[in-house]
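Asks: Next up is a structure, given as structure tokens.
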Amino acid sequence: MKRLLFCLTLSLTFTTAALAQETSSDIPPARPGVQYGKAIDRSGAISMNELEHKLSNDSVFTGKIQGEVIEVCKKKGCFIRLKRTGDGEPVLVRFRDYGFFMPQDIVGKTVVLEGDAKRKQLSVAQLKHYAEDAGKPAEEIAKITEPKTDINIIADGVIVVN
């Protein structure tokens, strides 16, 4: 009985490890035209500047947004941050139902994404979690002590422009 249980546990461990490796290697590198998530095209995308303007008048924007990726989740590509015009903080982009992930080489690329954007308050716990996933140092994470209201985007699909 012990031998059977040991074999079953060993088998499950190897299967889990193989599937985890397969998932991370399935993310294609970021090259122009490569799509992640829902298939979309580039037409009709608005800039980050236009998005900020629209969200100053409306509470939600649904559509396509173009921007430059300046950060990606270091753990598994579960979020990206887009450069904001001016000196503003980058805009957080997550992926609907964690349905897809981004490669580490997406930083510096221009992308078009389709999804929902809105102003949202992020709790201290959420901000610290995102900072940890981004690989920020512990000293920087410890400085996060207040919630923040910012633009938050949930994307259904992303296409690399250049």
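Asks: Which whole-Hz couplings ³J(HN,Hα) result when phi for each residue of the stretch 84-95 is put into the Karplus expression 6.51 cos²θ - 1.76 cosθ + 1.60, θ = phi - 60°, listed in order with x for Gly and Pro?
Replies: Residue by residue, the stretch 84-95 yields 9, 5, x, 9, x, 4, x, 9, 6, 10, 10, 10 Hz.
Asks: If you take every residue apart from Leu82 with its C-beta less than 14 Å away from the C-beta of Leu82, what net charge results, scoring Lys and Arg +1 and Asp and Glu -1?
Replies: So the environment of Leu82 carries a net charge of -1.
Asks: Next question, about the same structure. Give me a comma-separated list of calculated 3J(HN,Hα) values for the stretch 114-121, in order, Karplus coefficients 6.51, -1.76, 1.60 applied at θ = phi - 60°, integers in Hz, x for any Gly or Pro.
Replies: 10, x, 10, 10, 7, 7, 9, 8
Asks: For the stretch 31-160, compute the number of Lys pairs whose alpha carbons are separated by less than 14 Å, excluding pairs fewer than 8 positions apart on the same chain.
Replies: Pairs that pass both the separation and distance tests number 12.
Asks: Gain in length, Glu139 to Thr62, computed as 0.36 nm per residue apart minus the alpha-carbon separation, to one decimal in nm?
Replies: Full-extension gain reported as 24.1 nm.
Asks: Quick one: which residues, 5+ away or cross-chain, put their amide H under 5 Å from the amide H of Lys38? H built at 1.01 Å from N.
Replies: Answer set, sorted by chain and number: Gly157, Val158.
Asks: Related question: Phe100: net charge of surrounding residues, Cβ under 12 Å, Lys/Arg +1, Asp/Glu -1, itself excluded?
Replies: Around Phe100, the surrounding residues sum to +1.
Readers should treat all values here as calculations from the given coordinates under stated rules, not as data from a laboratory. Just so it is clear, the structure is predicted and the values come from calculations on it, not from any experiment. Counting neighbours? That spans all protein chains shown, and the Cβs are built from the backbone with ideal geometry, glycine included.
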